[in-house]
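Computed from the coordinates by the stated procedures, all read-outs in this text should not be read as laboratory data. On a predicted model such as this, the values are computed, not experimentally measured, just so you know. Note that we place each Cβ from the backbone using ideal geometry, even for glycine, and neighbour counts take in every protein chain shown.
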Amino acid sequence: MPILSVLIFLPLIASLVVAFSPDQFKAYFKWFTLGVTAIELAICIYLYQNFNHDVADYQFLEQLDWITLPLGNLGIGSIDYLLGVDGISMPMVLLTGIVMFVGALSSFQIEQKERGYFSLYLLLTGSVIGCFMALDMFLFYLFFEFMLLPMYFLIGIWGGPRKEYASIKFFLYTLFGSIFILIVMIALYLSVVDPVETAVRIGLINDVSEITPQIITEVQNLLKDLKIPSEQIVHTFDLRFMPDAGNFLPDSWLNILSGTQIFSFSARALAFILLMIGFGIKLPAVPVHTWLPDAHVEAPTPVSVVLAGILLKIGGYGFLRIAYPIFPEVATEYAFVIVAFGVLSIIYGAFNALAMNDLKKMIAYSSVSHMGFVLLGIGSLTSEGINGAVYQMFSHGVLSAMLFLLVGVLYDRTHDRRIDSYQGLANKMPLYTAMTAIAFFASLGLPAFSGFIGEVFTLMGGFNSPLIPRWLTAIAAFGLVLGAGYFLWTLQRIFFGKYWVRQFEGTLEDLTFREKSMLYPLAILAFVFGIFPHLIFDLTNATISELLKLF
Amino acid sequence: MIPFVFIAFIVLTVISACVVLWSNNVLYAAFSLLLTFFGIAALYVLVGADFIAITQLLVYVGGILVLLLFGVMLTNQNGNKENGKNDIIGTNTNRLIGFAVAFGLFALLFFTFAKANFVNIQSNLFESIETFSTTQNIGVLLMTDFVLPFEVSGVLLMATLIGAAYLSSKTKV
Amino acid sequence: MNAIIALSLFGISNLFLGFLNNRKILLPATLVFILIALGLNFADWNHEYYWFNNMLKTNNLSVNFVTIILLSTFLVVAISRSFGDDDEHSHPAEYYAILLFSAVGAIMMVTFENLIMLFVGLEILSVSMYVLTGSDKRSLRSNEAALKYFLMGSFATGILLFGVALVYGATSSFDIHGIAQGVAKAKEQMGGAYGPLLYSGVILIMVGLLFKISAAPFHFWTPDVYDGAPSIFTAFMSTVVKTAGVAATYRILSISFPSVYGLWGNPLVYIVCATLIIGNITAVYQQSFKRMLAYSSISHAGYLLITVLAKRPETNSSLLFYSLAYAIATITAFAVLMVVSEAQAKNGKADESFEALNGLANNNPLLAFSLTISMLSLAGIPLTAGFFGKFFVFSDAFSNPSSLFKWILVIAILMSTVGIYYYFKPIIAAYMKKGEVAKIELSPLYKFILILTTTLTILLGLAPDLVKNIF
């Protein structure tokens, strides 16, 4: 069974079902959505169980021809429907399953325009998960752009008072970034050749299945000597072929040997920088992060959860899937710059979080700070660093989901998110306090929780890396202190002292059953992954050591 | 002799065209336009384009200008009641842009013709012309090689006619 | 080619149908006429043939362009709703006849082989549009627009003619292939002597044509005219006229003057950049949906001209695909605009501002959805036809080694981001703003057209190779 396609198309079809079902089923939409995301989660766990830890290459591959375009004297363009997971994408797929399920549970509070909401939510689920599994760059880009639309409407229709501003800002920022990615994608597409299809075209083999490494080398040699007529060349978006320098047309822009200069940059460096900006906006890295606090503040709780839990990870995932393997030599050259931006994000995000009085903004800036560690880990180009970055993405996905749910709990009751509106909540809401404390401690990197592993490994990577100076990593480590500062301070201000809530007369109830069923599992996950880091490292290790061979 | 006649007609054309531009009285402008058209027709004759010269006289002087004068004369004049003068005053605005465009076009054409080597072009690209009437040739060509544009102009006229009839038909407001 | 004859006859038949006292028959009859013309057009498929002493030439490229033009005409006629056949002031028979005649002109502009045919075709199209622009005689804006368009348009035609004359002087031919030979011969025999005449001729021809497709800086008439004309004719103008104009520009530049690329390529680079910047930036500040669409059409002229400029073998298909995607999306947008602005009319005046769309999605999901898809396509968001249009255009620009194209690309990219901002305004209004639009009753044909265009837009976004392989 094409299990990855099921993962994508199940929510897409479910979304259509919701969109076209009559109004009398309104009450069941949320249960239906929950059911679908539960199945998704089950499939993700099944994938996780059956994932072969020792294979570095892509698993569960599915390939179909999708679009074939004759390009005249440029050859043939081929876009494939190509799915697969490897050690980098597997944790992300699992994370998507978890967060989407929790988000569906949290969506029960949506009370207006349910049909639209749940069909968009399912659409978002399908496109996000597709983004993590697509191995054709074009397909990746499609999912990458397409997920913006449901997200845009989810913020824009069900959001807070400044929803229009926040949603269009979110959309414009990410789209601006994705146009950069589009440009690099077109350039890559014009440069990269699919050796397998080309071998079939020029008659070396009769069928794709007969391909052997020798044939690929033969095609690459022919290519290098310009012996293949250009009409026979098959251009491709296939990410599996892009890391191999032999697959680049000899005189193309992005061939490593051609040394094309654009605006006095080498074309490859420029392409890498464009990708970094594109994915950096999504991550988000300072200074292109300003959309994030706005989007979070206006978004309804479940959308915040999905945004922080998954969408930010696509930025980091894009680095590892596209930018780094294709342009390794540029990545080495610019390691310092990338890490510097990571450290800037860590420190700047943390200081901002310290200054914020809005709980959601505080957590949004803490996300910026935590995603800075991802940038640090990736930029270090060491095994610890990149493993730690993937770990940090996973851990932050779980923890930020939990944090935003916790804010949602409070906001549902009082419609007030200001930190200085609360005091001494520990007396009235003991369970809520316990959960918040766990989430805060896990986020600030207390040992035995998942946040610790991610941050420690990225910092280790930073210190071990020969490419970046020690003092830079030392500054990043200072971010940990700041993190502890803002989390503990917030904890103290809200929960300790005498009970007082601004302009709120009723009694504050503790967690309901639905809230418990969302928060408890996440807390347990944070704990389990903190104690057994190999649950993720086993997945990532083989793929990342393979990736590091490129450098 | 010929150059003097040529220059005379050019002066006539340019001066009357300037009057069209500068005059505030539409009637004067219309009559100067007559002179302009006439001057241009004369220039056509002098370059050997007899058919176009005749067409110019027939269509522009005989047709369009008469229509224009009728239009001016039949227009209701409610304008200048104080001094009782029977004139239609037109005002023009945006002189600057008009000047810029006109000057640009003039400069482009002036340099084009100043720099082009007409003798060379004539001898290399075109067969030499015989100096008898062009009317017959044009007639033959219109019925043979250029029969399609000739016919299709019918569609153009049809569309114009419908449009004119429609736009001028009375509508209750 | 037969489509030209057929459409001319059909136009006249339409006038006679107008004498019948049954106005209901006009719309279906016109639709059938267009379909017949479309069928006749396909007869020329895979036949490369010269007609009437090299006056016209049909090949697959021209058949494709004619198909797009006739398809656009069909869609526009289908959403015309018989021009309010209960209104005694309207003259549907005349409107339909003029629309058919203008389609004749447009077809001639994409099949011409002789510059005289280009001129006659352009004139037929322009004169028809002057009349249609002013067809709402009770509206002052419509009258003003018609006069403005007429004066400016005649001026542009004059410039075009002057250019044709100069090119004839330089090459001794009206035939576009003959001109190409003439240019080569002149280059070879006379060295630099051909220069001035040819240079000015090419520039003037280009200016005349660019005026018609409203590329900056010859766009100044566009907003007023598009805004003042009745919406249905604005839809026609911004699709059929634009497609025909770009096709004609491409045809003459790529066939007659490829050997003097520098002559027209360098000015065109600046024109493209100016068009993209002016069209997009000004569109941001518009309060009226219709005026925004006018500026959007200017900006799309810029994208289309990029492919003309790229001058590659793939330009044909990129140009066709982009025109098709643009035409379908624009007509959908106008279809929605027309019904909504009439339903929201204040004091008998149609309300064409963005506010008129507020809360559209609540009672009219189909209209809101079609509007969204068309806007997404115009903005170039993936899974819509417009995305692949932009994709092909950028690919064309990319594979051109000239360094100027890098600047064009940079500007095009920045401007397409700007575009997203204003294309989302109607979507925001329809879905997020508070407001009330009563349920609008649509005729079955209207609904069918909306669903058809929306489906086409998505289908071309999912599988562009369906048509790209034909083009």
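Rounded to the nearest whole Hz, the Karplus-based 3J(HN,Hα) values (6.51 cos²θ - 1.76 cosθ + 1.60, θ = phi - 60°) of region B:24-39 follow the sequence 8, 9, 4, 5, 4, 4, 4, 5, 5, 4, 4, 5, 4, 4, 4, x, with x at glycine and proline. Think of chain A as a dipole: +1 on every Lys or Arg Cβ, -1 on every Asp or Glu Cβ, centred on the Cα centre; then among A:L488, A:F170, A:G87, A:L488 lies furthest on the positive end. This model, with +1 at the C-beta of Lys and Arg and -1 at the C-beta of Asp and Glu, gives region C:2-468 a dipole about its Cα centre of some 640 debye.
Mind sorting A:D80, B:D50 by how few other Cβ atoms lie within 10 Å of their own Cβ, fewest first? List each step's numbers first, then the result.
Numbers: A:D80 22, B:D50 15.
Sorted ascending by nearby Cβ count, the order is B:D50, A:D80.
Across chain C, the relative contact order, built from alpha-carbon pairs under 8 Å that are at least six residues apart, equals 14 percent.
Using only the Cα atoms of region C:245-397, construct the convex hull and provide its projected area averaged over every direction, in square nanometres to one decimal. If you can, show how the numbers build up before the last one.
On the way: hull surface 39.3 nm².
Directional mean of the projected Cα hull area for region C:245-397 stands at 9.8 nm².
Over region C:122-268, what is the mean sequence separation of C-alpha contacts under 8 Å (at least six apart), divided by residue count, expressed as relative contact order in percent?
Values: 171 pairs, mean separation 45.4, N = 147.
Relative CO of region C:122-268 lands at 31 percent.
Look at the dipole of the protein assembly as shown built from charges on Cβ: of C:T249, B:F9, A:A14, the Cα furthest out on the positive end belongs to B:F9. Straight-line reach from A:K26: which lysines fall under 24 Å, measuring Cα to Cα and dropping same-chain residues less than 8 apart? Candidates past the 8-residue exclusion: A:K113, C:K433, C:K434, C:K439.
Please give the helix A:148-158 orientation as an angle from the longest Cα principal axis of chain A, in degrees from 0 to 90, rounded to the nearest 10. Helix A:148-158 and the main axis of chain A meet at about 20 degrees.
Counting Cβ atoms of other protein chains within 10 Å of each residue's Cβ and taking the mean over peptide A:481-492 gives 0.
Across peptide A:517-524, the average count of Cβ atoms from other chains found within 10 Å of a residue's Cβ is 0.
If the viscosity is 1.002 mPa s and the temperature 20 °C, what translational diffusion coefficient in µm²/s does Stokes-Einstein give for region A:334-551 when Rh comes from Kirkwood over Cα pairs? Once the numbers are plugged in, D ends up at 120 µm²/s.
Computed from point charges on the beta carbon alone (+1 for Lys and Arg, -1 for Asp and Glu), the dipole magnitude for chain A about its Cα centre is near 1920 Debye. Each listed q (0.06 Å⁻¹) maps to a log10 I(q)/I(0) for the protein assembly as shown, found by the Debye formula over equal Cα scatterers with no solvent: -0.58. Placing unit charges on the Cβ atoms only, positive for Lys and Arg and negative for Asp and Glu, gives the protein assembly as shown a dipole magnitude near 2760 debye about its Cα centre. 3J(HN,Hα) couplings calculated from phi for region C:173-179 with the Karplus curve 6.51 cos²θ - 1.76 cosθ + 1.60 (θ = phi - 60°) are, in sequence order, 8, 9, 7, 5, 6, x, 4 Hz; Gly and Pro show x. In this structure, the amide hydrogen of C:M432, modeled 1.01 Å from its nitrogen in the peptide plane, lies closer than 5 angstrom to those of C:G359, counting only residues at least 5 positions away or on a different chain.
In the neighborhood of A:A245, defined by Cβ-to-Cβ distances under 11 Å, what is the net charge if each Lys or Arg adds +1 and each Asp or Glu adds -1? Its environment carries a net charge of 0. Peptides C:103-109, A:340-346, ordered by how many other C-beta atoms sit within 10 Å of their residues on average, highest first, read C:103-109, A:340-346.
Between their Cα atoms, which of A:K282/C:K290; A:K224/C:K406; C:K57/C:K242; A:K313/A:K428; C:K242/C:K447 are more than 28 Å away from each other? Listed pairs above 28 Å: A:K282/C:K290; A:K313/A:K428. Label sites at B:I97 and A:L431, each approximated as a point 7 angstrom past Cα along Cα to Cβ, lie 7.2 nm apart.
Computed packing ranks the peptides B:145-157, C:417-429 as C:417-429, B:145-157, most packed first, by mean other Cβ atoms within 10 Å. In order along region A:518-533, the phi-based Karplus estimate (6.51 cos²θ - 1.76 cosθ + 1.60, θ = phi - 60°) of 3J(HN,Hα) comes to 8, 7, 4, x, 5, 5, 5, 4, 4, 6, 4, 5, x, 8, 10, x Hz; Gly and Pro are listed as x. For peptide C:117-130, the mean count of partner chain Cβ atoms within 10 Å of a residue's Cβ comes to 4. Between the alpha-carbon centres of region C:445-465 and region C:204-253 there is a gap of 25 Å. For chain C, a Kirkwood hydrodynamic radius built from all Cα pairs, placed in the Stokes-Einstein relation at 37 °C and 0.692 mPa s, yields a translational diffusion coefficient of 147 µm²/s. Amide H contacts of A:G77 (H built 1.01 Å from N, in plane; Pro and chain starts excluded): A:L69, A:L71, A:H235 sit under 5 Å, all sequence-distant by 5 or more or on other chains. Among A:25-32, C:24-31, sorting by the average number of other beta carbon atoms lying within 10 angstrom of each residue, highest first, gives C:24-31, A:25-32. Arranged from fewest to most other beta-carbon atoms within 10 Å of their beta carbon, A:C131, A:C44 become A:C44, A:C131.
Bridges between two residues of chain A, per DSSP, are antiparallel at a rate of about 85%.
Between amide H atoms placed 1.01 Å from N, distances below 5 Å from A:V286 occur with A:S345, all of them 5 or more places distant or on a separate chain.
With the helix formula -39500 (n - 2.57) applied to DSSP H stretches of n ≥ 4, chain C reaches a computed 222 nm mean residue ellipticity of -24500 deg cm²/dmol.
Only Cα pairs under 8 Å and 6+ residues apart enter the sum, and on that basis the relative contact order of chain A stands at 15 percent.
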